[in-house]
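Peer 1: My questions all concern the structure below.
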Amino acid sequence: MKNTKRDIETYKQKIKKRGFRLTETRMVILDVLLKSSGELDAEELFLLSHKKHPKIGMATIYRTLRLLEKEGLVVRVGFYNNKAKYRIEESSGPLAEKPDIRPSKSGLDKKKFTGDAGYPLVTRYEGNLEDYKNVERINTIQNQLSQWLGELSKIKREKELALEDVIKDFGKVDKIVSYHENQRSNLIQILLDVQNEYRWLPKHVLLYVSSKLNIPLTDIYSIASFYKSFNLEPRGKYTIVVCTGTACHVRRSMYLLQRIANVLGIKHGDTTGNYKFTLETVNCLGCCALGPVMVLNNKYYSNPSTKQLEKLFSDLD
Amino acid sequence: MELKLVIEIKNKINSVDKLKEKAHEVEENYKDCIEISLCSGTGCKAYLPQELYRLMLEELDKNKEKINKKIVVHKTGCLGYCEKGPIIIIYPKELCYLQVKSEDIPEIVEKTIKDEVVERLFYKDDNGALIPKVSDIPFYKYQNRIILINSRMDPRNIDDYIRLGGYQALVKALTAMTPDKVLDEVKKANLRGRGGGGFPAGDKWETTKNAAGEPKYVLVNASEGNPGAFPNRLTIEGNPHSVLEGLILAAYAIGSNQGYIYIKQEYSLAIENINIAIEQAREYGFLGKNILNSGFNFEVKVHKGAGAYVSGESSALNTAIEGKAGEPRLKYIHTAVSGLWGKPTNLNNVETYANVPQIINNGADWFMSIGTKGSAGTKIFSLVGKVKNTGLVEVPMGITLRDIIYKIGGGIKDDKKFKAVQTGGPSGGVIPEHLLDLPVDFDELTKAGSMMGSGGMVVMDEDDCMVNLAYYFIKFLSEESCGKCVPCREGLRQLIYVYERIMEGKGKIEDLKLLEDLALVLEGASLCALGSTAQNIVLTTLKYFRQEYEAHIYYHSCPALVCKPLINYEINKEKCTGCMLCVKSCPVNAISGEVKKPHIIDQNTCIKCDACVEACPEKFSAIEKKTGLLGVKL
Amino acid sequence: MNNENNNDTSKKKINLLIDNITVEVDDSSTVLGAANIAGIHIPTLCFHEKVKPYGACRLCLVEIEKRGRSRIVASCAYPVEDNLKVYTESPKVEAIRKNLVELYLALFPFHSEIKALAKKYNLRKTRFKKENNYCILCGLCVRYCAEVKGYNAIGFVGRGINKKVTFIPDSAYFKYCENCMECVDICPTGVFPSNYGMERFPQISD
């Protein structure tokens, strides 16, 4: 149980001490934070504050939170896996200096971003360093990688390391990029070839391509997520493709999808738990006379029954 | 005897005489020769044409001594009659064998060597009469195959194309015509874009030519986002040189030296074939520097598209080739004036380019003699859905829809009742029965509320629900939309909500007005044609099939028995013999019953997956679908 | 300072008609710019002087008449032309804009421009399902970060109805944004980045 009155006075003093104006809106937000027993995320804070003071907009919330955080009066928790939540920083005396951002159970540690992560990297660089003209670039990539790994929780990291065999060194990527003449405008072609090589687009490969072609990573992700053929998640060993073009739809391709779901337990877009099968839909294979069509292992099947499907899937290892 | 397997590299062709010489040479090769054309398009891929080819060669080898004439086997592109694939055509007699299986090959080889026929593989019409000649078969009789001359050529062999008259137009243009003359001829012929818009190609070429800026580019749009249509794929797979020739002619007319072919990466066979075609054309000197000693240079590159329907739109395609996310641009400056990297760019569909060589060869007047006044020439359609003869057809403009569906298509599968035909893909609309006598023409189809599109024609019968169809297309568009502008993105999102409500039986009467208002927003406020043509499917289904929408809303029933939430699966007690097959097949154990006693489906558990219908033997057919408030079948 | 040459041919003057008012502007201006000079208000959401026009919100639509044919265009991007006739409140535009505003009411009804338009068209409530998405994907933050700041820390991912704005990579926040945050002020809905945009980009499924 907090004694709200006392606390509000303390915090008012703290803010005034740092030279910031205690506006009406700031007081309302502070009040809401103090009154809450747990942590609030920005939207909840907005809704509660807005009720008391309709002039408060989301921008005000963010600006105030940023200010309070900077001054160490509010702490952000639960950063990466959930929405950021905030709570009042409780301390017995006046804060002498600006604190670092504190890590919480799944939060982040600012120190880790300076480079010495201490975590093993997914790829070990093999080969002659001199072959790569820009050693610094490699170092930057490795730093970013360690940052990335630092962000993952333990379980995810193990899964990542387990996929190490799928990922070799960057030499292959270099070959692909130079085949396409290191041209920015050939980015889509490069990504298609990279995906053929690795079966998906791993994050660090994208980081490498981004630095090699000097394209901001944002652009690469925009393009990779815009087009349907790019997979940003690892795929199963076999890809089952079902055509859902108009002709096959009219011949009830949805029943075929349902039958596959009955047998394997996955919907389209999913991969089975053992990473054996991935179910995908395409817009038209051009074999409308065979509709509804399913392609597996480069063979085309016309409207397979449940029995046929069971046999097919169990025959493949 | 010789079996032609290897493609020989010859010297460059750089004059009219050399081309004629080459054509003559190839023709000599085929003189007195029996040609066996085996359809190897992707449509027949499931039937393993590779297998058939190998078997055929084996058989021919086995019977080497008995062969007294030269026999050549072509692996051709799609022959169009996908329903009856695989197809073999024997020339010069034009005999056509349908639905050939591997077991038939030895007999075919044996009979062909002896100059005899295999009657059981011929086409049988409704009266049982046999039709041996390919051009007499109803499917082919009403077509006018100008571009799809696939049947006598191997798409990976440029010599075959030359033999059939290929590259003559290019030679004629580069040696005897100026670029302006080529442009004038195309303009005169009224060649309208075959990609959907129907914009006169000659005018577009002229705008690009007159625009300021160098270098100029020519693009081929082979992205074919339309699900359920594959004419572009088969043109590139089966006759890639016609597209190349058209492209080079266009570049010559416009004054461009660099071309790009944007083709979807799923079309692996088409990409292979066009790459081989480019290589072979370069060998012969039809590409590269100083083509045919005319001083004209031209290079072409293939660009793979990564899977986006919206990238088929012209400004989006330009953006995609530049290596960015294929979003349409604000179109106040046309791409013909400022396209790729800000330079004048001409974009046309595959089919448009494929028509150009014929126009130059035979003249604009010949082209205009086919088709209607407003739309000259032929159009390739992929006729799919509930027709008997699914496949790829090339018909002259002006033929009625009824002729296409009944005469060429053979009528509705299983002789059910025709309901509607959908043209133009997700950007088009439906055409009901009373408009079936509409001629196929750009303007007529647009007037009816639909559009020609790139060539998809989906036929639907009484078992297809129009509400579900509109929902399917809107869902497709919402995922394929680039998401940039609010009316398209949010409008489509709200449309989906309304449709889901209607399909679940929670529709309200105001929803119909809501659909119309959303269509208005989409049409008026969208940035590009994806959003503004999305209204076609909504408005046409509302206009012609309003009673289906009302049945969903008022009676909570789906007359076509498609919309899952509105139908119930019930077992007819009189027909059920208690065989327990459906009980075992149900994935959620919703069917209960004992042997020899009628089974019952628990409606609360049933997920309507159709597994029981599949399991119930046809002679019983005891599982029925019912709809409507009172469970009465409407 | 440079001497301005009055006969500078690159700065041609164009005359056009907006709502029957004649306006004279430079030839590099857009219809929206011309309307501002004339004092006519055209509603906008995704427009900002510092970045290039994008044309995503579609509120600035006007009807233009050229050579006898009329078209609906986005005034923030349409370049001015001689003797162009522009109507900002013609019946066609009003009908479209009314339905568009109704759509916005389901998305983000708190913006002053939307509220003013809703009042004008007498729209109290919306028939559409409320999205409460708040982010209208106007792209101002993305464009600002790319064009003005050059950091490229945020971008669009996905397409169609699944389009979102996020930080890429997640660590960009620490590199650039902590000391900048100017995109927060430019956001018309005030909601970017929702909790600093840390929507987890799809990684290996947990």
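Peer 1: Select, from B:Leu340, B:Leu292, B:Leu317, the only residue that is at positive phi and buried (at least 17 other Cβ atoms within 10 Å of the Cβ).
Peer 2: Sole residue among the options that is at positive phi and buried (at least 17 other Cβ atoms within 10 Å of the Cβ): B:Leu292.
Peer 1: Exactly one of (1) in a helix (DSSP H, G or I); (2) at positive phi is unmet by B:Val182. Its number?
Peer 2: (2)
Peer 1: Quick one: B:Val595 ticks every box in (1) surrounded by fewer than 20 Cβ atoms within 10 Å (Cβ to Cβ); (2) outside any loop (DSSP other than H, G, I, E, B) except a single one, so which number is it?
Peer 2: (2) is the only condition that B:Val595 fails.
Peer 1: Is it true that some residue in the range C:88-97 is touching a Lys or Arg at 6+ places or on another chain (Cβ under 9 Å), more than 9 Å from every other protein chain (Cβ to nearest Cβ) and within 17 Å of C:Leu45 (Cβ to Cβ)?
Peer 2: The answer is no; no qualifying residue exists.
Peer 1: With the structure loaded, tell me whether A:Thr278 is farther than 30 Å from B:Lys386 by Cβ, modelled with pLDDT under 80, touching a Ser or Thr at 6+ places or on another chain (Cβ under 6 Å) and of a type in the set (Val, Ile, Thr) or whether it fails that test.
Peer 2: Spelling it out, it is not the case that A:Thr278 is farther than 30 Å from B:Lys386 by Cβ, modelled with pLDDT under 80, touching a Ser or Thr at 6+ places or on another chain (Cβ under 6 Å) and of a type in the set (Val, Ile, Thr).
Peer 1: Just to be sure, is B:Asp464 acidic (Asp, Glu) and part of a helix (DSSP H, G or I)?
Peer 2: For B:Asp464, the condition - acidic (Asp, Glu) and part of a helix (DSSP H, G or I) - is not met.
Peer 1: Among the helices (runs of 4 or more DSSP H) confined wholly to the range B:496-575, which include 2 or more residues that are β-branched (Val, Ile, Thr) and modelled with pLDDT of 85 or more?
Peer 2: B:529-544
Peer 1: A further question follows. If you go through the range A:265-287 one residue at a time, do you hit one that is away from chain B (no Cβ under 14 Å), touching a residue at least 60 places away in the same chain (Cβ under 8 Å) and over 17 Å from B:Gly85 (Cβ atoms)?
Peer 2: Within the range A:265-287 (the criterion being away from chain B (no Cβ under 14 Å), touching a residue at least 60 places away in the same chain (Cβ under 8 Å) and over 17 Å from B:Gly85 (Cβ atoms)), the answer is no, since none of the residues qualifies.
Peer 1: Another question about this same structure. Is it the case, given these coordinates, that B:Ile158 is free of Cβ contacts under 8 Å to residues at least 60 places away in the same chain, buried (at least 21 other Cβ atoms within 10 Å of the Cβ) and either within 30 Å of B:Pro396 (Cβ to Cβ) or more than 14 Å from chain A (Cβ to nearest Cβ) (or both)? Even if it seems obvious, please write down each step before you answer.
Peer 2: On the way: free of Cβ contacts under 8 Å to residues at least 60 places away in the same chain: no; buried (at least 21 other Cβ atoms within 10 Å of the Cβ): yes; either within 30 Å of B:Pro396 (Cβ to Cβ) or more than 14 Å from chain A (Cβ to nearest Cβ) (or both): yes.
No, not satisfied.
Peer 1: Here is a further query. Of these, B:Ile236, B:Ile263, B:Ile276, which one is touching a Lys or Arg at 6+ places or on another chain (Cβ under 8 Å) and under 20 Å from B:Asn346 (Cα atoms)?
Peer 2: None of the others qualify; the one that does is B:Ile263.
Peer 1: Restricting to strands (runs of 3 or more DSSP E) lying wholly in the range A:243-317: which have 1 or more residues that are among the acidic types (Asp, Glu)?
Peer 2: Values: elements: A:277-282, A:293-296, A:299-302.
It comes to A:277-282.
Peer 1: Of the conditions (1) closer than 25 Å to B:Lys447 by Cα; (2) away from chain C (no Cβ under 14 Å); (3) among the hydrophobic types (A, V, I, L, M, F, W, C), B:Cys576 fails just one. Which one is it?
Peer 2: Checking B:Cys576 against (1) closer than 25 Å to B:Lys447 by Cα; (2) away from chain C (no Cβ under 14 Å); (3) among the hydrophobic types (A, V, I, L, M, F, W, C), the one that fails is (1).
Peer 1: Still on this structure, I have one more. Within the range B:75-103, take every residue that is hydroxyl-bearing (Ser, Thr, Tyr) and surrounded by 17 or more Cβ atoms within 10 Å (Cβ to Cβ) and give me the one that is nearest to A:Val293 (Cα to Cα).
Peer 2: B:Tyr81
Peer 1: A further question on this structure: Residue check, A:Leu213 against (1) assigned by TED's automatic domain parsing to the domain that holds A:Pro304; (2) more than 25 Å from C:Lys163 (Cα to Cα), all met but one. Which one?
Peer 2: The one condition A:Leu213 does not meet is (1).
Peer 1: Shifting gears a bit: May I ask you to list the residues in the range B:49-69 that are more than 20 Å from B:Pro240 (Cβ to Cβ) and either among the aromatic types (Phe, Trp, Tyr) or in a loop (DSSP other than H, G, I, E, B) (or both)?
Peer 2: B:Asn63, B:Ile67, B:Asn68, B:Lys69
Peer 1: On to the next question. Which one of C:Val184, C:Val165, C:Val148 is β-branched (Val, Ile, Thr) and at pLDDT 85 or above?
Peer 2: Being β-branched (Val, Ile, Thr) and at pLDDT 85 or above holds for just one of C:Val184, C:Val165, C:Val148, which is C:Val148.
Peer 1: Please enumerate the residues belonging to the range C:109-144 that are closer than 14 Å to C:Cys46 by Cα and at the interface with chain B (Cβ under 10 Å from one of its Cβ atoms).
Peer 2: Across the range C:109-144, the qualifying residues are C:Ile136, C:Leu137, C:Cys138, C:Gly139.
Peer 1: Among the residues of the range A:174-229, count how many are within 30 Å of A:Cys284 (Cβ to Cβ), within 14 Å of chain C (Cβ to nearest Cβ) and small (Gly, Ala, Ser).
Peer 2: Here the count works out to 4.
Peer 1: When the range B:445-461 is examined, which residues are found to be part of a helix (DSSP H, G or I) and modelled with pLDDT of 90 or more?
Peer 2: none
Peer 1: Might you let me know whether the range A:204-212 holds any residue that is outside any helix (DSSP H, G or I), surrounded by 15 or more Cβ atoms within 10 Å (Cβ to Cβ) and either within 20 Å of the chain's Cα centre (by Cα) or modelled with pLDDT of 85 or more (or both)?
Peer 2: Taking every residue of the range A:204-212 in turn, none turns out to be outside any helix (DSSP H, G or I), surrounded by 15 or more Cβ atoms within 10 Å (Cβ to Cβ) and either within 20 Å of the chain's Cα centre (by Cα) or modelled with pLDDT of 85 or more (or both).
Peer 1: Can I ask one more? Within the bounds of the range B:219-229, is there any residue that is assigned to a strand (DSSP E or B), under 20 Å from the mean Cα position of the chain (by Cα) and among the small types (Gly, Ala, Ser)?
Peer 2: Yes, the conditions are met somewhere in the range B:219-229.
Peer 1: Output the number of residues of the range C:145-161 satisfying the condition of being facing another protein chain (nearest Cβ under 8 Å), without any contact (Cβ under 8 Å) to a residue 40 or more places away in the chain and not in a loop (DSSP other than H, G, I, E, B).
Peer 2: So the answer is 5.
Peer 1: Something else about it: Quick check on this structure: which one of B:Lys413, B:Lys419, B:Lys388 is in contact with a helix residue (DSSP H, G or I) (Cβ under 6 Å, 6 or more places away or on another chain), basic (Lys, Arg) and in contact (Cβ under 8 Å) with a residue 40 or more places away in the chain?
Peer 2: So the residue among B:Lys413, B:Lys419, B:Lys388 that is in contact with a helix residue (DSSP H, G or I) (Cβ under 6 Å, 6 or more places away or on another chain), basic (Lys, Arg) and in contact (Cβ under 8 Å) with a residue 40 or more places away in the chain is B:Lys388.
Peer 1: I'm trying to understand the selection: among the residues of the range A:215-241, which are over 23 Å from B:Gly483 (Cβ atoms) and surrounded by fewer than 22 Cβ atoms within 10 Å (Cβ to Cβ)? Let's see the steps before the verdict.
Peer 2: Filtering the range A:215-241 down to residues over 23 Å from B:Gly483 (Cβ atoms) leaves A:234-241.
Within the range A:215-241, A:Pro234, A:Arg235, A:Gly236, A:Lys237, A:Tyr238, A:Thr239, A:Val241 qualify.
Peer 1: Taking into account only those residues within the range B:439-473 that are closer than 21 Å to B:Asn389 by Cα and of a type in the set (A, V, I, L, M), which is farthest from the other protein chains (Cβ to nearest Cβ)?
Peer 2: So the residue we want is B:Val440.
Peer 1: What's the total number of residues in the range C:51-73 that are closer than 23 Å to C:Phe108 by Cβ and among the polar types (S, T, N, Q)?
Peer 2: So the count comes out to 0.
Peer 1: Would you pick out the residues in the range B:477-508 that are more than 7 Å from every other protein chain (Cβ to nearest Cβ) and of a type in the set (Ser, Thr, Tyr)?
Peer 2: Within the range B:477-508, B:Tyr499 is the sole residue that qualifies.
Peer 1: Answer yes or no as to whether A:Pro292 is touching a Lys or Arg at 6+ places or on another chain (Cβ under 7 Å) and either within 9 Å of another protein chain (Cβ to nearest Cβ) or at pLDDT 80 or above (or both). Before the answer, list the steps.
Peer 2: Details: touching a Lys or Arg at 6+ places or on another chain (Cβ under 7 Å): yes; either within 9 Å of another protein chain (Cβ to nearest Cβ) or at pLDDT 80 or above (or both): yes.
So A:Pro292 passes the test.
Peer 1: Would you point out which residue out of B:Val72, B:Val109 is crowded, with 16+ Cβ neighbours inside 10 Å, outside any helix (DSSP H, G or I) and modelled with pLDDT of 80 or more? Don't jump to the end; show me each part of the working.
Peer 2: Working: B:Val109 fails: outside any helix (DSSP H, G or I).
One residue alone meets the criteria, B:Val72.
Peer 1: What's the number of the only condition in (1) surrounded by fewer than 23 Cβ atoms within 10 Å (Cβ to Cβ); (2) aliphatic (A, V, I, L, M); (3) within 10 Å of chain B (Cβ to nearest Cβ) that C:Leu61 fails to meet?
Peer 2: Just one mismatch for C:Leu61, condition (1).
The values are calculated or read from the model by the stated rules, or taken from the named source; none is laboratory data. Model, not experiment: these values are computed from the prediction. No Cβ is skipped: glycine too gets one built from the backbone with ideal geometry, and neighbour counts run over all protein chains shown.
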